[in-house]
Amino acid sequence: MSESLPLSIQNNRRMETWLRFQPDRTVRLAVGKVEIGQGVLIALSQIAAEELDVAIGRINILSGDTADAPDEGSTSSSQSIEMSGRSVRLVSAELRARILGRLAQRLNCAPDDLSVDDGVFLQNGNATGHDYWSFSGTEDFAAEIEGSAQPKSPADYKVVGQPVPRIDLIAKVSGAAFIHDIVRPDMLHARVLRQPSRDARLAALNEVAIRRAAGADIRIVRRGDFVGFVDADETTVQRAAVAAASHAVWSGVRQLDPAQQEAAWYQTQPSDDRHYGDAIPPADTGVIVSETYSRPFVAHAALAPSCALAEYRAGHLSVWSHTQGVYPLRNSLACILGLRHDQVTVRHAHGAGCYGHNGADDAALDAAVIALRMPDHCIRVQWRREEEFGFEPVSTAQMTRIRAALDEAGRPVDWTAEIWAGSHVQRPVFGGTMLAHEALPTPPPPAKANDPTEANGGGGTRNAFPLYDFPAKRVIHHLALETPVRTSSLRGLGALPNVYALECFMDELAERADVDPVVYRLSLLSDPRARRLIENVAARCGWAARGPAGTGQGLGLAWSRYKNKAAYACVAVALEVDHDIALRHVWCAADAGLVINPDGARNQMEGGIVHAASMTLKEKVTLDGDGITSLDWRSYPIMRFSEVPEIDTVIIDNPHQPTLGMGECTFGPTAAAIGNAVAHALGVRIRDMPLTRERIAAALVR
């Protein structure tokens, strides 16, 4: 039985790790997944309330705390509800069954005679005088979780499936919810002087000039090439950090070339080459058609820069971070700082934007390094905007070339996706490095090229395998051994560039075959859930009345199933192209099986659409000299509120199917739908993102 349990339960088998009944008649639910804007905590609370038969208001959820919550790894890859939700469901159902089983013995009745009403136990509808808080005992929590209890049927749900409001939003709109708002006793503010590049060494630092610029006798903490500025006044350390770069002399600084910011650069670099799928066919198989698509390096572009707090008291390090994984961060901090795991506690605090592995973990190490040098103080590090854009891990550029062999009807009989990209995941737990560690006297070795396995959804190959009914298909992945800047995970990993390539190429093949793009897709697709989505969106967007190409008005459609195993989504986009691209309307349908909170699900769909639109139309990290040059919102623009179109979402009701992760399901289809709509509007195709004014002009000239 234990082998079939979710990994979260396998790694946390004690019932009391997950659930406790509190003296104030609440239920403490502890989870390892954290809130990064996706609404996961209210959804997990709904699952526990449903299985325990208590009011949702009684659930007091604790998340992301290495002292008191289970270790569920990182909150990533749209797995919170799939993994943690399934775990909470099984754990809650088992605790309910254990307690009712004991009560049935006490009352000499069958367990089926008993029911629960907001935590109160009834026998054949009559009060028993017992409830969870009075009757549960240590024996209910002592045995390991077996996963043997049968959860409720979806037909009996009262809480799951309802749009229960999130409890964190009031604080978030009133300026009291984020890590940036935390104030601790004995708190000092800190900023850090960053190495320009990994192997750069600090040859000289004019501390007198920096203190003069700060306007105060600030504390300067140095350890190797790590330099921190500390003071009780945040303004003074901010001034110090701004001035420090001009008063530091570095040696061994790497130099970058703007050519390295383009995905095509990877074609010239050493790589780890991997082949997945069918064997390569003979060269004379059908009519060969091939096109190449690309996306540049892109940033997380969180609305607030990274922040962390750390304090070292009585030999114990406590850290507050908006990390995606408190346990992986704890383990990394302990290893780097020479502490035991039990000497470090990491607690999650909400950040204002995440979208993947941004600078949160780096800021935590910054604060921890300084805290060890200044015990009995709380050290608060907050990055500057230029630092966030310039030094966070970015998402790698990626090039995807699609090659298809066509039969006489223009339908693919063989399909190859060939991908060039850097590492999509370089979290410390996967061999990546943190900035402060690289500056310490004993820096780690360079990170090795790494990507998730295909079983875990892949990285550069994510969504590269088409789900269409092609007779033969394969993926060739050239994983670059080195990248010009540090890269790591960003929403969807390689899914967006791959779905963009796949679904734009499908439109091109449909045009070549002189077949409507929706009809063409459906003729090659047998998956009933995917077909239902495409037909739904096509009907709602008025696809049948779609006009001719080249009028300046476009309507495009695309779909995918995230990771080829999570939620399905289909997106259609209506837009206009003049000098720039203006989105007018977006239609979306998603199938995620059993949806816990439809309001949260729609938020995820809409958020993915807006994020993908911004990335497709505007976003690009630029490189030159000693690093990243897109350091502010002017040089790295994102979509503005005034540019967000009307978004019309539908969730397919499928409660008897397993819950599927949907945090990233609209990401790739949105990008591809925009690409197809732009091609329809212009009558020519733009294959390289972002779809800027300059690329529109170049495409029209071609």
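The values are calculated or read from the model by the stated rules, or taken from the named source; none is laboratory data. Note that the structure is predicted; figures quoted are calculated from it, not measured. Cβ placement follows ideal geometry from the backbone for every residue including glycine, while neighbour counts extend to all protein chains displayed. These area figures cover heavy atoms from the full protein model, side chains too; ligands, DNA and RNA do not enter into them. Shrake-Rupley method; radii C 1.70, N 1.55, O 1.52, S 1.80 Å.
For the reader, a short list of remarks on this structure follows.
- Count of residues meeting criterion [more than 22 Å from the chain's Cα centre (by Cα) and either modelled with pLDDT under 95 or open to solvent by 30 Å² or more (accessible area, probe 1.4 Å) (or both)] in the range 431-447: 7
- Members of the range 338-360 that are open to solvent by less than 20 Å² (accessible area, probe 1.4 Å) and part of a helix (DSSP H, G or I): ALA360
- Test set (1) out of contact with any Pro (no Cβ under 7 Å at 6 or more places or on another chain); (2) at pLDDT 95 or above; (3) more than 30 Å from HIS300 (Cβ to Cβ); (4) crowded, with 23+ Cβ neighbours inside 10 Å - GLU51 fails condition number: (1)
- Yes/no for GLY125 being out of contact with any strand residue (DSSP E or B) (no Cβ under 8 Å at 6 or more places or on another chain), exposed (fewer than 13 other Cβ atoms within 10 Å of the Cβ) and more than 24 Å from GLN46 (Cβ to Cβ): no
- Hits in the range 246-261 (condition: without any contact (Cβ under 8 Å) to a residue 24 or more places away in the chain and open to solvent by 60 Å² or more (accessible area, probe 1.4 Å)): SER246
- The residues of the range 600-652 that are in a loop (DSSP other than H, G, I, E, B), open to solvent by less than 40 Å² (accessible area, probe 1.4 Å) and within 22 Å of ARG540 (Cα to Cα), listed by number, are PRO645, ILE652.
- Every pair of residues 6+ apart whose Cβ atoms lie under 8 Å, when the first sits in the range 431-455 and is on the phi > 0 side of the Ramachandran plot while the second is open to solvent by less than 50 Å² (accessible area, probe 1.4 Å): GLY431/ALA447; GLY431/ASN450
- Taken together, ALA279, ALA264 contain a single residue that is aliphatic (A, V, I, L, M) and open to solvent by 50 Å² or more (accessible area, probe 1.4 Å), which is ALA279.
For every residue, the table says whether it meets (1) among the charged types (D, E, K, R); (2) crowded, with 16+ Cβ neighbours inside 10 Å.
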residue: VAL287; (1), (2): no, no
residue: TYR293; (1), (2): no, yes
residue: PHE297; (1), (2): no, yes
residue: ALA301; (1), (2): no, yes
residue: LEU309; (1), (2): no, yes
residue: LEU317; (1), (2): no, yes
residue: HIS322; (1), (2): no, yes
residue: ARG330; (1), (2): yes, yes
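- Of all the residues in the range 64-122, those that are over 20 Å from ALA48 (Cα atoms), open to solvent by 50 Å² or more (accessible area, probe 1.4 Å) and of a type in the set (S, T, N, Q) number 2.
- Tabulated pairs, the range 503-523, first closer than 16 Å to ALA549 by Cα and open to solvent by less than 30 Å² (accessible area, probe 1.4 Å), second of a type in the set (Val, Ile, Thr) and in a helix (DSSP H, G or I), C-beta under 8 angstrom, 6+ apart or interchain: ALA510/VAL519; VAL518/ILE534
- Meets criteria (over 30 Å from PRO165 (Cβ atoms), in contact with a helix residue (DSSP H, G or I) (Cβ under 6 Å, 6 or more places away or on another chain) and in contact (Cβ under 8 Å) with a residue 60 or more places away in the chain) for LEU682: no
- THR453 β-branched (Val, Ile, Thr) and open to solvent by 20 Å² or more (accessible area, probe 1.4 Å): yes
- Among residues of the range 653-702 being surrounded by 19 or more Cβ atoms within 10 Å (Cβ to Cβ) and basic (Lys, Arg), the one that is nearest to the chain's Cα centre (by Cα) is ARG687.
- Strands (runs of 3 or more DSSP E) completely within the range 537-593 that count 1 or more residues being in contact with a strand residue (DSSP E or B) (Cβ under 8 Å, 6 or more places away or on another chain), open to solvent by 10 Å² or more (accessible area, probe 1.4 Å) and β-branched (Val, Ile, Thr): 568-577, 581-591
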